[in-house]
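Worksheet: one structure, shown below.
Each reported figure results from applying straightforward, stated rules to the coordinates on display, with no laboratory input. Values in this document were obtained by computation on a predicted structure and should not be read as measured data. Cβ: placed from backbone, ideal geometry, glycine included. Neighbour counts: every protein chain shown.
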Amino acid sequence: SQQGEEDPQALSIQEGENATMNCSYKTSINNLQWYRQNSGRGLVHLILIRSNEREKHSGRLRVTLDTSKKSSSLLITASRAADTASYFCATASANQAGTALIFGKGTTLSVSS
Amino acid sequence: GAVVSQHPSRVICKSGTSVKIECRSLDFQATTMFWYRQFPKKSLMLMATSNEGSKATYEQGVEKDKFLINHASLTLSTLTVTSAHPEDSSFYICSARVRDRNQPQHFGDGTRLSIL
């Protein structure tokens, strides 16, 4: 069953602009992760943020987590055409060690030059 | 970084054929591997969780006799789609993780399965 819901479902921007994607989830989590998927390929891990963290950075990526609202956001700054991909948030349950990540439906990002 | 190799990347075969997909962690020991199925423009649907040396745990609605999973070592898990039919055509992706769930999952590049 899916837990996360990304918003928006699709996003089209110009190179150089920032892209913000949001994710909401339903149950208590141990951590939340963001992944990127290029068309027809596997997923690439971007950032993992633990439930006791509020913000995390990695290069042009910034992730926030608000456990009170059960939501997270992924910000990509100064976007490039190569950032065109689908982005998924995934949650790891707080209550069940060893269980799989539950993925949201994803946001399809298109960056045009 | 951690690398997961999935093979084959694409399979086209006739209805009734059994197809085996391999998932290998190349540079780390994966205590747990996961198998997902993805439909076009959709999210990943978890099929089963596989722990080394024990039986896989299947998600509700996934037929364990149809999708056989073996995790014989800390670096290899296989998914066999038995007697495949056109409705089994899909994109199958594996991932692997060490025991610590605060570590990310590492994904293979997926297998595009097409049953004629």
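How many angstrom separate the Cα center of segment A:11-31 from the Cα center of segment B:37-116? Taking the Cα centre of each part, segment A:11-31 and segment B:37-116 sit 26 Å apart.
Using the Cβ-Cβ distance between B:Thr80 and A:Val44 with R0 set to 22 Å, the FRET efficiency from 1/(1 + (r/R0)^6) comes to roughly 0.25. When cysteine pairs in the protein assembly as shown are screened for C-beta atoms closer than 4.7 angstrom, the residues that find no partner are B:Cys13. The GluC sites (Glu not before Pro) of segment B:1-106 that meet both conditions, a loop assignment by DSSP and at most 11 other Cβ atoms within 10 Å of the site Cβ, are B:Glu63.
State the extension gain, in nm to one decimal, for the chain segment bounded by B:Gln29 and B:Asp100, taking 0.36 nm per residue of separation less the distance between their alpha-carbons.
Values: separation 71, 0.36 × 71 = 25.56 nm, distance 1.18 nm.
Extra length from B:Gln29 to B:Asp100 when fully extended: 24.4 nm.
Rounded to whole numbers, the Karplus 3J(HN,Hα) couplings from phi for segment A:70-84 are 6, 8, 9, 9, 10, 10, 10, 8, 6, 4, 10, 4, 5, 7, 4 Hz, using 6.51 cos²θ - 1.76 cosθ + 1.60 with θ = phi - 60°, and x at Gly and Pro.
Of B:Ala56, B:Ala72, B:Ala30, the residue with the greatest mean-square motion in the GNM of chain B, using alpha carbon springs below 10 Å, is B:Ala72. For the options A:Asn38, A:Asn22, A:Asn52, a Gaussian network treatment of chain A with springs between C-alpha atoms closer than 10 Å singles out A:Asn52 as fluctuating the most. When +1 charges are put on Lys and Arg Cβ atoms and -1 charges on Asp and Glu Cβ atoms, the dipole computed for the protein assembly as shown relative to its Cα centre reaches about 120 debye. Taking every DSSP beta bridge that has both ends in the protein assembly as shown, the antiparallel portion is near 90%.
An ellipsoid equivalent to chain B, defined through the eigenvalues of its Cα gyration tensor, has semi-axes of 23, 14, 13 Å when rounded to whole angstrom and sorted largest first. Simple point charges give the picture: +1 on the Cβ of Lys and Arg, -1 on the Cβ of Asp and Glu, and for segment A:49-97 a dipole about the Cα centre of about 60 debye.
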